[in-house]
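One structure is given below, encoded as structure tokens.
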Amino acid sequence: MIEILRRYSLITLLLIFNFTVSADTIPLKPITDKAKAAQTSKESSDHQETVIMKWWKLLLDLPLIAVLNKQSDDIYEPTFSEQSKFKAPKYIIGIHPLHNPKRLFEVYGPIVDYVKVNLPEADFTLEASRNYEEFDRKLYSGHFDFAMPNPYQTINSLKHGYRVFGKMADDDDFRGIILVRRDSGINTIADLKGKAVSYPAPTALAATMMTQYYLHTHGIDINHDIENRYVGSQESSIINVLRGHVAAGATWPVPWKTFSNENPLLAAQLEVKWQSEPLQNNGWVVRKDVPMEVANKFATLLFNLDRHQQGLKMLARIPVTRFEPANDDSYGPVQAFIATFIKTVRPLE
């Protein structure tokens with residue numbers, strides 16, 4: 001199209017120029033000398049022929065000009081190698097709010113970076129959630145491609161297009177623990193009556209449901225005997241009891257170990273007063289429409305972290321000894337516990 005426009009533009013210029021040249025040859029005064037007029041007419045004709053021939057040659061050269069112009073334009077067009085044209089599919093990884101977002105990126109970011117390096121045909125992004133409610137909304141809407149929910153969220157995710165492919169090991173660590181200040185004067189569970197207890201969120205399995213079930217089976221009516229405060233995260237639950245805002249705070253061993261290692265002087269002011277029985281640890285789920293090849297490679301990288309020094313350092317930050325294979329059936333005991341909890345303690349939304 002550009003070449004056609006150039007050609008017609010030049011033709012138009014030629015016509016205008018030819019008209020102008022012709023106009024210039026018209027004498028302004030009468031010429032009486034016929035010979036002189038004939039000579040002038042001949043010179044004018046020769047001049048017009050010369051100009052027309054020049055323009056005609058220029059028109060014949062238009063294809064060459066167009067090619068040269070195209071080559072010139074090509075210099076400014078970006079060129080891409082085959083590798084740069086390839087765009088790896090993106091996958092979002094969600095971790096339930098074990099920690100505040102900053103801490104979660106510090107702990108799980110290196111693992112996601114490791115997976116990205118060793119699985120270059122896919123692009124992985126770690127996404128934190130501000131609280132359990134936000135994480136639940138993302139998980140149950142299928143926003144995450146891969147996710148590590150708590151066991152309650154894991155069994156719920158099965159109804160929203162996910163399947164279980166792995167889990168955290170160290171099931172003995174997946175239990176609820178109840179912290180009190182060493183100077184609180186609370187010695188028996190009955191001492192909690194009429195007082196406030198903090199939890200991360202209503203749907204936190206170990207830190208909330210399992211500790212509430214423990215209190216229920218040890219004589220506390222959690223709906224009437226105590227005030228339940230859901231404070232948003234594991235760290236918040238610990239801090240609330242440390243500052244004396246509540247009489248006791250519920251969490252589970254992993255965040256408690258992390259807090260103790262990073263804040264030994266503060267942790268020394270608290271003690272684990274009671275703990276529940278364990279259940280299966282946090283699960284790893286993948287949305288069912290994620291290609292099986294990608295899911296399998298992702299799982300293999302996770303399950304082999306404990307086999308090299310770099311991976312062991314990553315796991316130590318969590319802390320957990322390893323990730324291991326699992327499937328939907330692995331969480332049967334969790335489903336049974338949830339059914340008992342709803343029946344005897346309180347309903348779940």
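Of note:
This table checks each residue for (1) among the hydrophobic types (A, V, I, L, M, F, W, C); (2) within 23 Å of the chain's Cα centre (by Cα).
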site	(1), (2)
299	yes, yes
302	yes, yes
308	no, no
311	no, yes
316	yes, no
321	no, no
325	no, no
329	no, no
335	no, no
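- Filtering the range 237-282 to residues that are crowded, with 22+ Cβ neighbours inside 10 Å and of a type in the set (Ser, Thr, Tyr) leaves 237, 251, 276.
- Selection within the range 241-254 - touching a residue at least 40 places away in the same chain (Cβ under 8 Å) and either touching a Pro at 6+ places or on another chain (Cβ under 6 Å) or more than 10 Å from residue 180 (Cα to Cα) (or both): 245, 251, 252, 253, 254
- Scan of the range 113-149 for residues that are open to solvent by less than 10 Å² (accessible area, probe 1.4 Å) and either of a type in the set (Val, Ile, Thr) or touching a strand residue (DSSP E or B) at 6+ places or on another chain (Cβ under 8 Å) (or both), ordered by number: 115, 122, 124, 129, 135, 139, 144, 146, 147, 148, 149
- Taken together, the residues in the range 226-238 that are touching a Leu at 6+ places or on another chain (Cβ under 9 Å) and at pLDDT 95 or above amount to 3.
- Residue pairs whose Cβ atoms lie under 9 Å apart, sitting 6 or more positions apart in sequence or on different chains, and linking a residue in the range 156-177 that is without any contact (Cβ under 8 Å) to a residue 60 or more places away in the chain to a partner that is part of a helix (DSSP H, G or I), are 156/136; 156/139; 156/140; 159/140; 160/139; 160/140.
- Test result for residue 260, within 30 Å of residue 187 (Cβ to Cβ) and in contact with a Ser or Thr (Cβ under 8 Å, 6 or more places away or on another chain): no
- Residue in the range 154-169 that is open to solvent by less than 30 Å² (accessible area, probe 1.4 Å), in contact with a Phe, Trp or Tyr (Cβ under 7 Å, 6 or more places away or on another chain), within 22 Å of residue 253 (Cβ to Cβ) and among the small types (Gly, Ala, Ser) present: yes
- Pair list, Cβ under 7 Å, 6 or more apart: the range 299-321 residue without any contact (Cβ under 8 Å) to a residue 12 or more places away in the chain and more than 19 Å from residue 286 (Cβ to Cβ), other residue in a loop (DSSP other than H, G, I, E, B) and among the charged types (D, E, K, R): 315/322
- Test for residue 104: is it modelled with pLDDT under 95, surrounded by 13 or more Cβ atoms within 10 Å (Cβ to Cβ) and under 20 Å from residue 301 (Cβ atoms): yes
- Residues of the range 194-216 that turn out to be open to solvent by 10 Å² or more (accessible area, probe 1.4 Å), farther than 14 Å from residue 249 by Cα and either modelled with pLDDT of 95 or more or among the acidic types (Asp, Glu) (or both), as a count: 3
The values are calculated or read from the model by the stated rules, or taken from the named source; none is laboratory data. Computed from a prediction, not measured in an experiment: that's the story for all the values here. With ideal geometry, Cβ positions are generated from the backbone for all residues, glycine too; neighbour counts draw on all protein chains shown. For accessibility, only protein heavy atoms count, side chains too; no ligands or nucleic acids. Shrake-Rupley method; radii C 1.70, N 1.55, O 1.52, S 1.80 Å.
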